[in-house]
1. Looking at B:ALA84, B:ALA5, which one is modelled with pLDDT of 85 or more and either outside any strand (DSSP E or B) or among the polar types (S, T, N, Q) (or both)?
2. Got at least one residue in the stretch A:310-326 being more than 8 Å from every other protein chain (Cβ to nearest Cβ), closer than 13 Å to A:VAL390 by Cβ and either part of a helix (DSSP H, G or I) or touching a strand residue (DSSP E or B) at 6+ places or on another chain (Cβ under 7 Å) (or both)?
3. Which of the residues belonging to the stretch B:112-148 are in contact (Cβ under 8 Å) with a residue 12 or more places away in the chain and either in a loop (DSSP other than H, G, I, E, B) or within 9 Å of another protein chain (Cβ to nearest Cβ) (or both)?
4. I need the full set of residues from the stretch A:376-394 which are more than 18 Å from A:ARG309 (Cβ to Cβ) and either surrounded by fewer than 17 Cβ atoms within 10 Å (Cβ to Cβ) or among the aliphatic types (A, V, I, L, M) (or both), in order please.
5. Counting just the residues of the stretch A:291-309 that are among the β-branched types (Val, Ile, Thr) and surrounded by 19 or more Cβ atoms within 10 Å (Cβ to Cβ), which one comes out farthest from the other protein chains (Cβ to nearest Cβ)?
6. Do you know which of the residues in the stretch B:48-85 that are of a type in the set (Asp, Glu) and within 14 Å of another protein chain (Cβ to nearest Cβ) is surrounded by the most Cβ atoms within 10 Å (Cβ to Cβ)?
7. Among the candidates B:ALA162, B:ALA174, B:ALA186, B:ALA105, which residue alone is among the small types (Gly, Ala, Ser), within 17 Å of the chain's Cα centre (by Cα) and not in a helix (DSSP H, G or I)?
Amino acid sequence: MTGVFGRLWTEWTIAISFLREGRAQSLMIAIGVAVGVAVIVFVTALIQGLQVNIIERTLGTQAHIRLLSPDEINQVLPPAAGTMQLLLEDKRAQRLRSINNWQQVSATLDQLSLLTAVSPVVSGPAFARRGEALQSVVLVGIDPVRYQKIIPLDDYMQSGQLRVGANDAVIGSLLADDLGVQVGNKLRLDTGQQNSAVVNIAGIFELGVRELDARYVYLDLKQAQALLNLPGGITVIDLTVADIFAAEDIAAQVGRLTSLQAESWIKTNAQLMNALTAQSLSTNMIIVFVAISVAFGIASVLSVSVVQRTREIGILRATGATRQQILRIFLIQGAVFGLLGSVLGSAASYLLVWVFNTFGPGLFFIPIPASLLLMAMLLATLTGILAAAVPSRRAAALDPVVAIRYV
Amino acid sequence: MSDDAMTVLRLEGLRKSYNVGQPNEIEVLHGIDVVIGRSDFAALVGPSGSGKSTLLNLLGLLDQPSSGELYLLGQATSAMDDAARTALRGSSIGFVFQFHHLIQAFTALDNVLMPLMLSRGKPDKLAVQQARELLAAVGLEKFANRKPNELSGGQQQRVAIARALITEPALLLADEPTGNLDTRTAAEVFELFHKVNRERDCAVLLVTHDPRLSAACDRTINLVDGRIESDTLNQPASQQK
């Protein structure tokens, strides 16, 4: 007497011989499953690749989390007990001011393992002037080494080099066009704080985001602080995190830790996230409906097979097969359809993705993770078993007396 | 009365109705009492519609009686569930049908092994050896690896007999086993049944239309309109040959 495994051997052997006997039928349904799996894997990989690409591009030019000073609010004394307070309040204008104790805050954040980069930045408005031309710009004072970990500016340099400090500045390509300047030219920066400076344009970058390319002027921290009248201060701490989709949670955590206002990229790009969510939803719909049609295909083939094999089911029952064994024989056939089809389908989708990556528009690269293929195979096999449930139960319920006389 | 070791099957007041509770309810068997012993070589005869097939299905535990009791090897079977009846059927009854009913996808050897595969899983060397011996006993040792559609009708029926014997059953039930064989092959198959009965300590019950076959059996049970009309011992015809 052997155990459950030994028993399953028999069901497996019978199921496989049934499948081999109905070779053409088995092959056709396996190809049907394969097409479904190929569509599911390809669409999933395509959309995942696209989304990763969009997010990478978005995050390539912004911090994952920005820490800002909390808004200034009016301090109102609480009313004395038993009195009622009527309050008419003008909201305060938010002036440019430094984050308190930013050195300590920054040092603390450097210790957090959740964060991959911390970069204090001072930024504020100014005018850039060359001759008669005047453009409103954003001055961004950076520590280049730290800032590079947030936005790899070096990768975006169009001309010149990334060099700030000692009166050097790096400006956006559209701003350079608007002012008609090139690397090596001079530019006057004016902050309206009785501070102005003439800087030397050391480099021109192009981030591919209009707003940034037309307005950003990178300086070193000291010069920006002087121009913005914030000696020794900074206005923003830019952060990056390892798990970009946890940014919202980490922002809340860091916000509590530092008592600063923390904005994650997820919140500042709510529109984009909505679009991505909608896209994922439509992908999931496609997957579900393809899976349903695959399941019905398997179920119908097995239903026909049960009718065709009625007599053989009767013989098996008469020779000692239990209802459970008959049930398992047909469930196994469903599982094999699913597994075989998904192996073929995975290979096909691999080929499709390769073709897309090699000969496609080349806008972005689609990776095909092994986990996706494994997942597809597992799902297809489960779908096969599930689809086989109804015909299998019908086979198991057949009355052996009737089945054996079935012609 | 209790069953001794020589009794294989005992029926007490066995009745079978179809369409129970409906206007067209019909009783096919009206109380059958029969005892079949270990060494019996019996024929069940009767005109069409007499209830032979119904009785055979009940004897083979393929169907359940409406009332009455069926004792197989001393065990009452009417209260058993499907799994228990399947197990008892698998271990103690062998079936041979008119249309040899082999599984087309398997070889002759695998068909013979099927009852063991279903009850025990993957057959061991001993089981395969046993199956080969049975195929040899029915004269088919050279055809072990043939598929059923590569065998003649008589050969297929002999494979079916070998399959019925692999579990060393106490009772072999055969429904018109020679029904669609030519006379000479039919005689060979019949002789095989007789040999099984003599050599393997196995009761044989043949359902047949053929008066010559029933006359050649040791005992003839005559079923008419759902009742046993006669149950007679024959002259040992097989020994007259």
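1. Values: B:ALA5 fails: modelled with pLDDT of 85 or more.
After ruling out the rest, the residue left standing is B:ALA84.
2. Among the residues of the stretch A:310-326, not one is more than 8 Å from every other protein chain (Cβ to nearest Cβ), closer than 13 Å to A:VAL390 by Cβ and either part of a helix (DSSP H, G or I) or touching a strand residue (DSSP E or B) at 6+ places or on another chain (Cβ under 7 Å) (or both), which makes the answer no.
3. The first filter runs over the stretch B:112-148 and keeps only residues in contact (Cβ under 8 Å) with a residue 12 or more places away in the chain, leaving B:112-116, B:118-119, B:127-128, B:130-132, B:134-135, B:137-140, B:143-148.
Within the stretch B:112-148, B:MET114, B:PRO115, B:LEU116, B:LEU118, B:SER119, B:VAL138, B:GLY139, B:LEU140, B:ALA144, B:ASN145, B:ARG146, B:LYS147 qualify.
4. Within the stretch A:376-394, A:ALA376, A:MET377, A:LEU378, A:LEU379, A:ALA380, A:LEU382, A:ILE385, A:LEU386 qualify.
5. Filtering the stretch A:291-309 down to residues among the β-branched types (Val, Ile, Thr) leaves A:292, A:294, A:298, A:301, A:304, A:306-307.
When the remaining residues are screened for being surrounded by 19 or more Cβ atoms within 10 Å (Cβ to Cβ), the result is A:294, A:298, A:301, A:306.
Values: A:VAL294: 26, A:ILE298: 20, A:VAL301: 17, A:VAL306: 15 Å.
Result: A:VAL294.
6. B:ASP63
7. Working: B:ALA162 fails: not in a helix (DSSP H, G or I); B:ALA186 fails: not in a helix (DSSP H, G or I); B:ALA105 fails: within 17 Å of the chain's Cα centre (by Cα).
Exactly one residue qualifies, and that residue is B:ALA174.
Residue-by-condition table, conditions (1) buried (at least 18 other Cβ atoms within 10 Å of the Cβ); (2) within 14 Å of chain B (Cβ to nearest Cβ):
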site: A:THR13; (1), (2): yes, yes
site: A:LEU27; (1), (2): no, no
site: A:SER69; (1), (2): yes, no
site: A:ALA107; (1), (2): no, no
site: A:LEU114; (1), (2): no, no
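The values are calculated or read from the model by the stated rules, or taken from the named source; none is laboratory data. In this text, all values refer to a predicted model and were calculated from it rather than measured experimentally. Positions of Cβ are generated from backbone atoms using ideal geometry, with glycine treated the same way; all protein chains shown enter the neighbour counts.
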